[in-house]
Amino acid sequence: MTRDEKIQIAQDLSEKLTEGVNFYFTDASGMSVAQTNAFRRMCFEKNIEYVVVKNSLIKKALLPVGDFKALDAKVLKGFSGIMISPDSANAPAKLLKEFRTKNPRKDKTVKPLLKGASINKDIFIGEDQLEVLATLKSKTELLGELIGLLQSPMRNIIGALQNNSNKAADDTLQTPSETQEG
């Protein structure tokens, strides 16, 4: 690979990392070709881009994106694949968990491993963060909950007013003889 090709790859990756504010670093070393292909297929189906690039090119691609020194020191060693999710912060974590359950390994090791992640420039390092990342709510889910919370008091007021108006209407519909008998 020529120097110009490496520069182009780093620039392309930098653009993708800037656009997709959610990206995960994985270690898929030791996976078979069939497992790797199955993993790539799942990523494609979930609109997650999976790219395997040399760590030196990843480091160059991260320079214009932001300050990722913590990732550099702990994460960018050995085999590195990048999962870029433009839609959802938790989609790659959910995909990793789903892939592991569908494709158990004979040697009982967990692959691909989560090396680290960047969610809106917040950094998560290590496999132990996978559960936290999988339970993160997407922006759409959070907005939906917020709207529901804002609408809840209004629904209660409207419900109470309708209930009282129905009760008042029932009281006025009763004939005078019915009210005297009761």
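The values are calculated or read from the model by the stated rules, or taken from the named source; none is laboratory data. Quick caveat, the model's predicted, so the values are computed rather than measured. All Cβ positions, glycine included, derive from the backbone under ideal geometry; neighbour counts span all protein chains shown.
Which one of these is modelled with pLDDT of 85 or more, closer than 24 Å to A134 by Cβ and in contact with a Ser or Thr (Cβ under 6 Å, 6 or more places away or on another chain): F39, F25?
After ruling out the rest, the residue left standing is F25.
Tell me which residues, restricted to segment 15-37, are in a helix (DSSP H, G or I), of a type outside the set (V, I, T) and either over 20 Å from the mean Cα position of the chain (by Cα) or not assigned by TED's automatic domain parsing to the domain that holds P104 (or both).
Once the filter is applied, which keeps residues that are in a helix (DSSP H, G or I), of a type outside the set (V, I, T) and either over 20 Å from the mean Cα position of the chain (by Cα) or not assigned by TED's automatic domain parsing to the domain that holds P104 (or both), segment 15-37 yields A34, Q35, N37.
Taking segment 22-42 only, how many residues are closer than 24 Å to F68 by Cα and buried (at least 17 other Cβ atoms within 10 Å of the Cβ)?
Adding up the residues that qualify gives 7.
Inspect segment 67-81 for any residue being under 11 Å from the mean Cα position of the chain (by Cα), closer than 27 Å to K6 by Cα and in a strand (DSSP E or B) and give the result as yes or no.
There is no residue in segment 67-81 that is under 11 Å from the mean Cα position of the chain (by Cα), closer than 27 Å to K6 by Cα and in a strand (DSSP E or B).
From K106, K111, K137, K102, grab the single residue that is under 22 Å from M31 (Cβ atoms) and surrounded by 12 or more Cβ atoms within 10 Å (Cβ to Cβ).
Only one candidate qualifies: K111.
Name the residue, out of K106, K59, that is without any contact (Cβ under 8 Å) to a residue 40 or more places away in the chain, over 21 Å from the mean Cα position of the chain (by Cα) and not in a helix (DSSP H, G or I).
Unique residue meeting the criteria: K106.
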